[in-house]
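Here's the structure we're looking at; comments come further down.
The values are calculated or read from the model by the stated rules, or taken from the named source; none is laboratory data. What you see is a predicted model; the values in this text were computed from it and never measured. Don't worry about glycine lacking a Cβ; one is built from the backbone with ideal geometry, like all the others, and counts go over all protein chains shown. Each accessible area value is taken on the protein alone, full model and side chains, heavy atoms only, with ligands, DNA and RNA left out. Shrake-Rupley method; radii C 1.70, N 1.55, O 1.52, S 1.80 Å.
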Amino acid sequence: MESVRLNAWQFHLLTQIYVIGTAFILLPGPIIASAKQYGWIVVIWATLYGLVLAFGYLYLAKLYPGKTLVEIALQAFGKWAGGLVSLLYIVFFIQIASWVTHNLGDFMHINLMPLTPISVFHIMILLVSAYAVSKGIESIALVNELLVPYLYSAFWVPIVIMLREWKWRYFHVAYPFQLSDVVFQTRYVLAFPFMETVAFLMLIPFVQRKVKIAFITGIAVAGAMLTACVFISIGVLGVYRGQQLVYPIFSMFREMRFTGFIEHLEAILAVNIVLVVCIKLCILFYCAVLGVCQLFKIEKRNSVIYPMVWVISAYSMLFMNNVENLDWIKKYLFEYYFLFAVALPVLFIVAAKWRNNGRRMKKDGSA
C-alpha cells in the first residue's frame, strides 16, 4: 500500500464533494417527478440510509485494519475467490467512473458546446483526471481543499439571492402521495449517490485519525446540501416545471439576473459542475488504479493510469443520453448497487467474525 496520509479535514471534504458529485445536477428533476413537493423528504431518508451504510463500512474497516477494499476481499475469501471479487470491484469503480464521465460530457455537449463531439469532452476530462491520479490521492485532496471555498461560495451566494423568487404556494399543490409507492419509486436515491461511498473503503486506510467523524459528517453535510438543492428547486421553479427539466439547478442559474447587466450566471455553475465532477472522477479513477496495482502487484502506477483512460473512455461511449440513463437508474440501479454496497460487505464482516471465532476456539483448545 502507498505510504500516503490524509488528514481528517481532507477526507471530510473529499467525502462531501464525492457524494454531491453529479447528484446535485441530475437528481432534483427525477426526485420532484416521483415525490412532487415532498421530494426533499426523500433525500433526508436517503441520507439517513447513507449514514447507516457509512457506519457499516467503518465497522468493516475496523475488522480489517489498514486494509483497502481489494485487500479485504483477498483476506476474506482467499487468493482466487477474493481475487475475483476484487476484480468485480475494480470493474465497478471503472463503470461508475464511466457513468460520471458520460454525464459530464453529456452536460457539456447539451448546454455548452453542442457542435463538439462528446468523445472530445471524455478524452479531455479523463486526461486531466489521469494526470491528477498520477500525482496521488494527497494531491487530489489538496486541490479539493483549495477549491472547496470557491465552489461553495460561487454556488450558494447566487442560490441565496435567488430565494427572492421563492413561492410557498408550490408546496401546497394537491398531488396524491402514497408513501409506499414513493419509497419504491425513489429507491434509486439510496443507491446514487450514497451506495457509491463503498469506494471510500479504498481510502480509509490512508486517513491518519478521526476517520469516523470525517466520514460521517462528510456524508451528512453532503446530504443536507442535496436536500437544500431539491427544496429550493421546488420553491423557485415549482413542481410542474421542476419535474420537466433535466437540469433544474442549471435552469435556475440560466434564468437568474443579479441586476440589469449581470446575466448568464449559468457559466459560473458550469465551471462548478466541471470541477466537482472532475474531483469525483479522480477519486473513482484513483480507486480503480489502486485496486489494479494491489491485485496484480504492479508497482508503477503510471503503467496502469494511461491505458485506463482509454478503457473508461470507451466504456462511457456505451451509455445512452442522460434521459435514458435516468430511466435505467430508476428501475435497476438499487438492485445492481446492492451487491457491491451491502451484500459483499456483509459477507466480509461474516468472514472476519468466523475467522476470529475460529482463532478464539483454537486458543481455548490449546489452553
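Below are the figures for this structure:
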{"read-out": "Residues of the stretch 58-73 satisfying the condition of being within 16 Å of residue 86 (Cα to Cα) and part of a helix (DSSP H, G or I)", "value": "60, 61, 69, 70, 71, 72, 73"}
{"read-out": "Contacts under 8 angstrom Cβ, first residue in the stretch 134-145 being under 16 Å from residue 280 (Cβ atoms) and among the charged types (D, E, K, R), partner open to solvent by less than 80 Å² (accessible area, probe 1.4 Å) and in a helix (DSSP H, G or I), 6 or more apart", "value": "145/10; 145/13"}
{"read-out": "Verdict on residue 133 being touching a Phe, Trp or Tyr at 6+ places or on another chain (Cβ under 6 Å), assigned to a helix (DSSP H, G or I), surrounded by 10 or more Cβ atoms within 10 Å (Cβ to Cβ) and at pLDDT 90 or above", "value": "yes"}
{"read-out": "Odd one out for residue 3 among (1) under 28 Å from residue 295 (Cα atoms); (2) assigned to a helix (DSSP H, G or I); (3) open to solvent by 10 Å² or more (accessible area, probe 1.4 Å)", "value": "(2)"}
{"read-out": "Subset of the stretch 203-236 that is charged (D, E, K, R) and at pLDDT below 95 - its residue that is least open to solvent (accessible area, probe 1.4 Å)", "value": "210"}
{"read-out": "Of all residues in the stretch 178-202 being free of Cβ contacts under 8 Å to residues at least 40 places away in the same chain and of a type in the set (S, T, N, Q), the one that is most open to solvent (accessible area, probe 1.4 Å)", "value": "178"}
{"read-out": "Any hit, the stretch 195-210, residues being assigned to a helix (DSSP H, G or I), at negative phi and over 17 Å from the mean Cα position of the chain (by Cα)", "value": "yes"}
{"read-out": "Members of the stretch 302-341 that are touching a residue at least 60 places away in the same chain (Cβ under 8 Å) and either on the phi > 0 side of the Ramachandran plot or aromatic (Phe, Trp, Tyr) (or both)", "value": "306, 315, 319, 334, 336, 337, 338, 340"}
{"read-out": "Filter result for the condition that a residue is in a helix (DSSP H, G or I), open to solvent by less than 40 Å² (accessible area, probe 1.4 Å) and of a type in the set (A, V, I, L, M, F, W, C), over 120, 128, 100", "value": "100"}
{"read-out": "Selection count where residues are of a type outside the set (D, E, K, R), open to solvent by 10 Å² or more (accessible area, probe 1.4 Å) and within 18 Å of residue 31 (Cβ to Cβ), scope the stretch 237-260", "value": "8"}
{"read-out": "Residues within the stretch 52-64 that are more than 17 Å from the chain's Cα centre (by Cα) and without any contact (Cβ under 8 Å) to a residue 24 or more places away in the chain, tallied", "value": "1"}
{"read-out": "Selection within the stretch 151-173 - in contact (Cβ under 8 Å) with a residue 24 or more places away in the chain, of a type in the set (Phe, Trp, Tyr) and either within 23 Å of residue 18 (Cβ to Cβ) or not in a helix (DSSP H, G or I) (or both)", "value": "155, 166"}
{"read-out": "Some residue of the stretch 142-151 being over 19 Å from the mean Cα position of the chain (by Cα), open to solvent by less than 60 Å² (accessible area, probe 1.4 Å) and under 25 Å from residue 221 (Cα atoms)", "value": "no"}
{"read-out": "Filter result for the condition that a residue is out of contact with any His (no Cβ under 7 Å at 6 or more places or on another chain) and farther than 17 Å from residue 222 by Cβ, over 80, 9, 45, 40", "value": "80"}
{"read-out": "Yes/no for residue 44 being under 17 Å from the mean Cα position of the chain (by Cα), surrounded by fewer than 21 Cβ atoms within 10 Å (Cβ to Cβ) and touching a residue at least 12 places away in the same chain (Cβ under 8 Å)", "value": "yes"}
